[in-house]
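Some notes on the structure that comes next.
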Amino acid sequence: MEKYEPSKIEPKWQKCWEEHPELSAADDAVNKPKYYCLDMFPYPSGDGLHVGHVESYTATDIVSRFKRMNGKNVLHPQGWDAFGLPAENYAIKTGTHPDLRTHQNIANFTRQIKSLGMSYDWSREIDTSNPEYYKWTQWLFLLFYKNGLAYKKMGKVNWCPSCQTVLANEQVEDGICERCKNEVIQKDLEQWYFKITDFIENNKETTGLIEGLGKVDWPGSTIAAQKNWIGKSEGVEFKFKVKNSDSEISVYTTRIDTVFGVTYVVVGPEHRIIKGLKDKISNIEEVETYVAETKKKTDLERMEAKVKTGVELRGIKVINPFSGQEVPLFVADYVLSQYGTGAVMAVPAHDERDFEFAKKYDLPIKRVIEPKFIAGPGSDSAIMPGQEYIKRSAIAAVIRNPKDDTYLCISWKTAHMHGIVTGGVDEGEDIVEAARREVLEETGYKNLKLVKISDKAIHSLFYHRVKKQNRWARFQYVIFDLIDEQQEAIDEKEAALHEIIWKKKEELRDFFSVIEGTYIMNLLDNIDSAFTDDGVVYNSGEYDWMDSSEARKKMAQWLEKEGIGKKKINYKLRDWLVSRQRYWGAPIPIIYCDKCGAVPVPEKDLPVMLPTDVDFKPIGESPLAYSKTFHDVVCPKCGGKARRESDTMDTFVCSSWYYFRYSDPKNREEFASKENIKKWLPVDLYVGGAEHSVLHLLYARFFTKALHNLGYVGFDEPFLKLRHQGMILAEDGRKMSKSLGNVINPDVVVKEFGADSLRIFEMFMGPFDAMKPWNTKGIVGMQRFLDKVWRFSETVSDSNEPDVKIQSLLHKTIKKVTADIEDFHFNTAVSQLMILANAMEKETVIFKDEYGKFLILLSPFAPHIAEELWSRIGNDKSIFLESWPEYDAELAKDEEAEVVIQVNGKVRDKMTVSADMDEEEMKALAIASEKVQAHISGKEIRKIIVVKGRLVSIVV
RNA sequence: GCCUUGGUGGCGGAAUGGUAUACGCGCUAGUCUUAGGAACUAGUUCCCGGAAGGGAUUGAGAGUUCGAGUCUCUCCCAAGGCACCA
């Protein structure tokens, strides 16, 4: 038999599959259950395919082939996200038209993908820069426009001076353009927006962007990232009255429970109250100078400023509606004008920013929240007397509050760890005994009962607060409550305890303050940080001793009753800015007429074609504006002189709906027909990089929701199941990058090892979603494996006398590989195939049926070699027309099982018995074992646990 | 700081609460070969021991359990996302 040479067989089968497109085509007509398996379509960059592309495309190829063999009508398309800045920048540099460059790149990508044996339905290929495609991008823009979801407004926008275009908030990272890494500045410009904020919450029948995340199967991190980006916060908005004036200042807060701690109010520099109260502000010049200065700063400079700055509006006092207290008013640029009301109530004791500011300007800091370490009955951190004694989960202190029958508990471990107990534990002494001893010395009580308490509750008290100060507090005293084993005695003991506490009150004052019968640790008398957690409210009038959450509820009710405020929900997400002043994108289909204003281009005139007579140099305005053929038009409404909108759309608009187009890529009447959308969508499996966790996925969801809301589609989440491939690092553990010269080119790997080896290797490297380093030596192992499979095809025999061992392993493999593909555990699927191959190789004869089934299992992973060997064992049809094998639970069973015998949890012997031996028999055999006898003889057997076919555990 | 995901041999990694280290790489020895390579065979978590055997071990500590990599709690570390959003 000749050697396994991938370079010979792979091109051969690729050609054959190309001649038989029905093997990978999605059939609109057939009435089988559908499965839509989608890759995030690539941007065809000049660098060509990356090993990361190979990883995700192999995964979807495996799933697609697997689903087809399981009788599904699979839609597995590929296309090109062809518009975008790199091609345009390349054009500026070299003078090559972006269209030409893009299509060269697409040709290269296509060649590379085909060389990997991917089973795409190429008849559905799409290209967002093709007028047949962007016609519908424009049509969707107009659909949104007509329904009030696309609008133009003047506003502060992110402007990248280097790219010479505006950017969406999502494309700015830390004030830096994510593309070119230059600083982004703020500019006032009139721009187009999509109303994505209409869909944050449910909108009529359409599930909102937040709630919809609850019904999709997506990675937790991506769901979290989206929620985080939307940034929903629930709070209240209410008014501070300005003293001696009709003016009011609305503030927004999520922590109304801290309102009695307000010591000043701050407005952002753009707040209109500054103008409104101009006459009353005694230092107006100073204020105006400050405002002017902050306006000059970029967002980046504002954020980078280490020290908070601000100016008091002298002569102005505002009144806290809860306490009636008068507090000063400040202007400071740490308050964001765009968020909430642009004004905040400042609570330095419980907000880090306010704290910092108050320290700097020497403003009062008033504490109104204490950490909650007194647990009420029913709470899981509350421990009531009479609970069982638990051996090592000691306590240090239990103090009862007789007023409401709650207990303060301090765990021994925690107390000791933090130096609360000074006595310490002697070497080798039991920690619980140490506690008893110390208590005894302190109090003279003997019948101490130790109770278990939640470390978590303690944690919030000691660790959290103390660590924030970057030092460990040390205590000199400890008070123990005594909970006697006799319930009756408790009252008496309690009295005694209180006596002790009161007696020690003087000494204790340093760290316990006594408030209303509740002992509150006064650790932070010298506050050097804000306490920002929820806790118990005090110094707050009628709200005293409520939990933060309860106080928030009651305070909001009061505000609403008084008519000074209301509950309010705020979001960080703003509307999506979609216009770009660049050439290589889909033109916005709007015409401006002096008479009629903005007029949508009539549908029959779509697409608005990108002109070719332009210079690409970015000049701060779209290059389209200088195309005579493009710019000057007549108004479609009145026939008068008019000009076209010269901006193009953000490329994310093009990629927000492409998954619809695949269902009906050649439709000239609609973006996709209703039947085809209904037939194929939503997408069952979507695979792509985690870098799209926020932008693309959020925008695509918005498009689907908008189309659902307008009645075009019957579902409101486009991607049911989403998986991200993990990043593949270079061999040195660093990111692959051109500048480091450590990029692996798939072409080179295919040439040296073959596409099948590359595919299997990328699947075998580790969990699909994990970051993993490349290792060229590792591919050798894959080649050896495939070589082995190739070699032992020689031992295949027509006879059908099954080998029990191989048959059992084969069925186990069918079971595991099937489950692993469903679960995206490709690495263990490959490993299981290797185990089967290793076993088959050791046999002198392999039966054809078993070998064939093995090849079918291998085929989605390594399609070329599977197809080749399949034909070599006498099949004339493609292996991909076979059905996926089913496993037989009976055959997968082991006849014999190796049973482990444990004594006190340690493995002492093993025995091989028949798999269905009953428990009594196993017990008897286990006890009879010599090695076991050595460990149990002379001892009493207390317990025996038997797990059938697995183990016997003997406890002595 | 917050959110998310992780931490297991020399390396990538595997393990429904039930033999930790499957599978692959690497390494060691051997077979074949003029030689190198390839291929094949055996071995390979660590410590003690010639062996039989024993002990330790899944970032650290504790808890639940006959039994914990896996469940609970605390701490430490790493990666990624968000971040002056009140």
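Odds and ends about this structure:
- Here the simple spin-label model places points 7 Å from the Cα toward Cβ, and for A:A292 and A:A934 these points are separated by 9.3 nm.
- Proximal lysines to A:K679, defined as alpha-carbon separation beneath 17 angstrom and excluding residues fewer than eight positions away on the same chain: A:K32, A:K34, A:K67, A:K72, A:K666
- Kirkwood hydrodynamic radius of region A:216-300, Cα pairs, Å: 16.5 Å
- A:E286 sits among other residues whose Cβ lies under 15 Å from its own Cβ, and their net charge, with Lys and Arg +1 and Asp and Glu -1, is -2.
- Cross-link partners of A:K923 among lysines, defined as those whose alpha carbon lies under 30 angstrom from its own and excluding same-chain residues fewer than eight positions apart: A:K805, A:K812, A:K893, A:K906, A:K910, A:K931, A:K939, A:K943, A:K948.
- Exposure rank, largest accessible area first [A:L710, A:L855, A:L740; 1.4 Å]: A:L740, A:L710, A:L855
- At 1.002 mPa s and 20 °C, Stokes diffusion of region A:770-814 via Kirkwood alpha-carbon radius, µm² per second: 159 µm²/s
- Computed over region A:830-956, Cα set: Rg, Dmax in Å: 22.1, 70
- Accessible carbon and sulfur surface of region A:867-956 relative to its total accessible area, %, 1.4 Å: 45 percent
- Rough spin-label spacing in nm, given labels placed 7 Å along Cα→Cβ, for A:V804 and A:D849: 1.7 nm
- Cα gyration tensor, region A:69-130 - rounded (a/c under 1.5), prolate or oblate: prolate
- Compactness of region A:798-893 is given as radius of gyration and Dmax, 12.7, 36 Å, from Cα positions.
- 20 Å cut-off, amide nitrogen to a point 7 angstrom out along A:K595 Cα→Cβ, residues in region A:619-658: A:632-645
- The mean accessible area for residues of region A:775-845, using a 1.4 Å probe and ignoring ligands and nucleic acids, is 48 Å² per residue.
- Sorting the segments A:680-687, A:584-591, A:880-887, A:330-337 by their mean number of nearby beta carbons within 10 angstrom, highest to lowest, gives A:584-591, A:680-687, A:330-337, A:880-887.
- Accessible surface, per residue, of region A:85-124 when the full set of protein chains is kept, probe 1.4 Å, Å²: 40 Å²
- Shown here are the Rg and Dmax of the Cα trace of region A:1-113, at 17.5, 56 Å.
- With the highest mean first, a sort of the peptides A:60-72, A:597-609 on other beta-carbon atoms found within 10 angstrom per residue produces A:60-72, A:597-609.
- Ordering of A:131-142, A:311-322, A:185-196 by packing is A:131-142, A:311-322, A:185-196, highest average first (other Cβ atoms within 10 Å, averaged per residue).
- Note on region A:138-286: Rg/Rh from C-alpha atoms, Kirkwood Rh, equals 1.04.
- Semi-axes of the equivalent ellipsoid of region A:637-723 are 27, 19, 12 Å, computed as sqrt(5λ) over the eigenvalues of the C-alpha gyration tensor in descending order.
- Accessible area per residue, Å², region A:195-325 with all protein chains present, probe 1.4 Å: 49 Å²
- Region A:189-243: C-alpha gyration tensor shape, a/c 1.5 cut-off, then a/b vs b/c: prolate
The values are calculated or read from the model by the stated rules, or taken from the named source; none is laboratory data. Predicted model, so just to flag it, every value in this text is computed and none were measured. Heads up, the Cβs are rebuilt from the backbone with ideal geometry, glycines too, and the neighbour counts pull from every protein chain shown. The accessibility values were calculated without ligands, DNA or RNA, using every heavy atom of the protein model including side chains. Shrake-Rupley method; radii C 1.70, N 1.55, O 1.52, S 1.80 Å.
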